[in-house]
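What follows is calculated from the coordinates using simple rules that are stated; it is not laboratory data. Nothing here was measured: the structure is a model prediction, and the numbers come from that model. Here Cβ is always computed from backbone atoms with ideal geometry, including for glycine, and neighbour counts include all displayed protein chains.
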Amino acid sequence: MLFEFIATMAAAFGMAGLALIITHFSKLAGKRTPKWLIPLFAAIGIFAFQINQEYSWYGQQVRELPEGVEVVKVAKSTQWFRPWSYAKPQILRFIAADIGNASVQVDDPDVHLVNLYLFERRRSVEKVAQVIDCNAPARADYVIPEKGSKLTIDEHVKQTTAWYKLATDDPLFISICTDQKT
């Protein structure tokens, strides 16, 4: 975030410098420029850089994803204090699934354990383990058994897991269940 602040200030100073050059050329031509021209150009530089950063963030994050990690859900948003977002909604959050490292349960090949990564602009990435049942179809948060637990895996899953329906057209279901079977 510090580097983004420094880059924002550099954009402001760059645009203010451009306004300063315009001011000097207009003095050479014998005309005066308004006093507000330099602050206006600095503000344009700040807004232009920040808007560019907001729209390019998603693409930068997706390019940095390792092989085997796929985007499964994108959340576009509009906000009243960003009126340009009504023309083109911004992507400020998305979910990526580690398809390449998804593991299949030994007892039931239709149950997969996959890590989901929750990305949000200006926040740290969160990792959430999910159990996907391709037969149901359903998903559940994976809860790690306590150390020294005497429960079997099936008993642990039944006591700690809340299953949520998963639509068959959901990108998570498609990427885990259909890709793994082919």
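Legend: residue pairs Lys127/Lys147; Lys76/Lys127; Lys73/Lys147; Lys35/Lys88, Cα-Cα distance threshold 24 Å; pairs beyond threshold, Lys73/Lys147; Lys35/Lys88. Which FRET efficiency value, to the nearest 0.05, is calculated for His24 and Phe3 with the Förster distance at 35 angstrom and r the Cβ-Cβ distance? Result of the calculation: an efficiency of 0.65. The HN-Hα couplings worked out from phi for region 143-151 by the Karplus form 6.51 cos²θ - 1.76 cosθ + 1.60 (θ = phi - 60°) are 10, 6, x, 5, 5, x, 5, 9, 6 Hz, whole numbers, x standing for Gly and Pro. P(r) for region 6-69, from all Cα pairs and a bin width of 10 Å, is 21, 32, 22, 14, 7, 3, 0 %, short bins first. When exposed loop sites are taken as trypsin sites (Lys or Arg not before Pro) in a DSSP loop with at most 14 other Cβ atoms within 10 Å, the longest stretch of the chain clear of them is 36-121. In this structure the amide hydrogen of Ala129, modeled in the peptide plane, comes within under 5 Å of the amide hydrogens of Leu116, Tyr142, none closer than 5 places in sequence on its chain. For the chain, excluding the exposed loop sites themselves (GluC sites (Glu not before Pro), DSSP loop, at most 10 other Cβ atoms within 10 Å), the longest remaining stretch covers 68-145. For chymotrypsin sites (Phe, Trp or Tyr not before Pro), the sites in region 35-118 that DSSP calls loop and that have at most 15 other Cβ atoms within 10 Å are Trp36, Trp80, Phe81. Pairs of Cα atoms in the chain fall into 5 Å distance bins, from 0 up to the last occupied one, in shares of 1, 7, 11, 13, 12, 11, 9, 8, 6, 5, 5, 4, 3, 2, 2, 1, 0, 0 percent.
Across the chain, C-alpha contacts under 8 Å between residues 6 or more apart give a mean separation that, scaled by the residue count, equals a relative contact order of 13 percent. Extension gain for Ala129-Lys73 works out to 18.6 nm (0.36 nm per residue, less the C-alpha to C-alpha distance). The relative contact order of region 93-182 comes to 22 percent, based on Cα pairs under 8 Å that sit 6 or more residues apart. Take the alpha-carbon centre of region 1-72, take the same for region 76-132, and report the distance between them in whole Å. The distance from the Cα centre of region 1-72 to that of region 76-132 comes to 30 Å.
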